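To keep things clear, I will list the structure first and then write my remarks on it.
What follows is calculated from the coordinates using simple rules that are stated; it is not laboratory data. Owing to the predicted nature of the structure, the values given are computational and were not obtained by experimental measurement. All Cβ positions, glycine included, derive from the backbone under ideal geometry; neighbour counts span all protein chains shown.
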Amino acid sequence: MLFFHYAGATALSMLPLARALPSGCAAVSFELDGRGELTDAPPVRSFDDAVKRLLPAFRSWVDRPAVVVGHGLGALLAHALVSALPGERRGHIRDVVLSGSRSPATTARLAAHPRAPFLTRTREELVTELRRHGGCPAELFDYPHMLDLAVTMLGQDLHLMDTYREPPAMPAGGGTDYHVWFGRDDQSLSPAELERWRLSTPSSPQPRDFAGDHVFLCQERPPAAALRELVSGRLAAVDREPPSPRCGAA
């Protein structure tokens, strides 16, 4: 399992999903620079830079059957990183779960490509966003220093979306199943937006809705149960496959 966190989060935000996985499944949660274990690393300057930064480690893990999951910004990163893989590596990916994100076409159309973070959205506007969408503990707003750190991280991450460019189209087919998951109360994901996702994936994605809004994935049990069911099915299928030589790590 290869996880990509949402904007303003860390790799640990995907821990509830990782804990729900069946035994025998390794889990890796990738982290953007400037947080968690990478606190001292300067943040990347654009979406393309983020993909370049993550690609070597991502490629090294795709040497065996894998399921890729990304939420929000993480869904766009997951989609771009899968697209950047050579065909033989991409063949190891059984499923890609794209959760809580507008389509690549819409994100690229809305991207203003500002020269730096906080030019499209002010820090005050980001505080309002944090209050409205949730996804962080209420106590955060009682500590100005911690709130400032959270706003800085969120602003830097949203800058990646503001500099987004849609990756080249992948060849049709390929054996990877795509899934688009979304919260029923997320107003940004309309039926038309789900159709736009179909135009950006090699096969028609399977939509699935869950109770909640944008931050549904790590706050409700049904998504974790759905992911466990998906991975369990893939593990059973892998067990039935004949053994094959493992590719060397990149």
Item to check | Most positive-pole-ward Cα, W197, G87, F182, against dipole of the chain from beta carbon charges | outcome: G87
Checklist outcome for this item: extent check for the stretch 2-235: Cα max minus min per principal axis, descending, whole Å, gives 47, 37, 35
Next on the checklist: How big is the dipole moment of the chain about its Cα centre under a simple scheme where the beta carbon of each Lys and Arg is +1, that of each Asp and Glu is -1, and everything else is neutral? Debye, nearest 20, please.
Outcome noted: 640
Checklist entry - Which peptide among 33-45, 155-167, 77-89 comes first, and what is the full order, when sorted by highest mean count of other Cβ atoms within 10 Å? => result 155-167, 77-89, 33-45
Item to check | Residues whose placed amide H lies under 5 Å from that of V28, excluding near-sequence neighbours | outcome: L2, F3
Next on the checklist: Just want the answer: with Cβ charges of +1 for Lys and Arg and -1 for Asp and Glu, which residue in V238, Y143, M14 is farthest toward the dipole's positive end in the chain?
Outcome noted: V238
Item to check | Dipole moment magnitude, nearest 20 debye, the stretch 40-91 about Cα centre, only Lys, Arg, Asp, Glu C-beta charged | outcome: 100
Checklist outcome for this item: Percent relative contact order for the chain, counting Cα pairs under 8 Å at least six residues apart, stands at 24
Next on the checklist: If I build a Gaussian network model for the chain, linking alpha-carbon pairs within less than 10 angstrom, which residue out of A50, A150, A192 has the largest mean-square fluctuation?
Outcome noted: A192
Item to check | For the stretch 1-89, radius of gyration divided by Kirkwood radius, i.e. Rg to Rh on alpha-carbons | outcome: 0.95
Next on the checklist: Under 10 Å, Cα contacts only: if you run a Gaussian network model on the chain, which one of D142, D49, D186 comes out with the highest mean-square fluctuation?
Outcome noted: D142
